[in-house]
Amino acid sequence: MLILALDVLERDVALDVARKCGEYVDFIKVNYPLVLSAGIDVVSELSEIRPVIADFKIADIPYTASLIADIAFRHGVRAVIAHGFAGSDMLRAVRDVADRHGGEVYAVTELSSQGGREFMTRHTLEIVDVAKEVGCDGLIAPATRPERIAEIKKRAENLRVICPGVGAQGGRLEDVLKAGADGIIVGRTIYQSEDPARTAREIRERIDGLMK
Ligand code: 3DU
């Protein structure tokens, strides 16, 4: 599975890159930079090109978390990403909203950055257990630390594990897939390349070759 992280700031650029790369990616992931600068309606437009994952890293009290998730689903997203550390009550609230819309929920385990090790790593496997209990569809795990992906995947059982951090952050596609990831999230390596469509196609081909 290849997920395009579309952290560009302008609506027209986002739609252009999405249209060019659409046939090579399974999902488009949007995050705050795009939505805060281009407005939430861009999410609906992107959803017409490819299914969208709203990476709003929801981490709040259950009530507020539900509102955020509901707005995302009402704009056509297929899935939302929520922080596992915010706890089971919030994940459950987001799960309920997703169920009302027929959508999916992914929980962040530990961030791929150095900072992800400071607090999150200690609790990662507990977060995996809570995500399973709540019935999340998948987990976000760090492509920068393949050994952690393997541990998370083992504990995750049938939850999908998708990994940001390939390319610009230093993670290697081959290592990530070998560790058991079900998909990778790639942003800058694609949308900052000279020819985003060609780069997306090349990454797709590498994934298909390795996952055969
Ligand atoms: O580093 P890239 O440009 O390939 O983008 C990675 C995307 O994934 C970006 O939207 C970032 O906010 C998100 N992400 C991580 O990079 C690491 C995480 O642990 C969770 C999300």
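Take residue 199: with every protein chain present and a 1.4 Å probe, its accessible area is about 20 Å².
Give me the 1.4 Å probe accessible area per residue for the range 1-49, excluding ligands and nucleic acids, in Å².
Details: 2160 Å² over 49 residues.
With all protein chains present, the range 1-49 gives 44 Å² per residue.
For the range 66-212, the spread of Cα positions along the three principal axes, ordered from largest to smallest, is 41, 35, 30 Å. For the range 98-212, the carbon plus sulfur part of the accessible surface works out to 46%, probe radius 1.4 Å.
Computed on the range 64-152, the Cα convex hull volume stands at 93 Å³ per residue.
Can you flag which of 132/178; 20/178; 20/132; 153/212 are past 26 Å Cα-Cα?
On the way: 132/178 23 Å; 20/178 28 Å; 20/132 36 Å; 153/212 19 Å.
Over 26 Å apart, Cα to Cα: 20/178; 20/132.
Here each label is just a point 7 Å from Cα along the line to Cβ, and for residue 89 and residue 193 those points are 4.6 nm apart.
In square angstrom, what is the accessible area per residue of the range 151-198 with a 1.4 angstrom probe? If you can, show how the numbers build up before the last one.
Working: 2360 Å² over 48 residues.
Normalised by residue count, the accessible surface of the range 151-198 is 49 Å².
The values are calculated or read from the model by the stated rules, or taken from the named source; none is laboratory data. Here the structure is a predicted model, which means the values were calculated and not measured. Neighbour counts run over all protein chains shown; Cβ positions are idealised from the backbone, glycine included. Heavy atoms of the whole protein, side chains included, go into the accessibility calculation; ligands, DNA and RNA do not. Shrake-Rupley method; radii C 1.70, N 1.55, O 1.52, S 1.80 Å.
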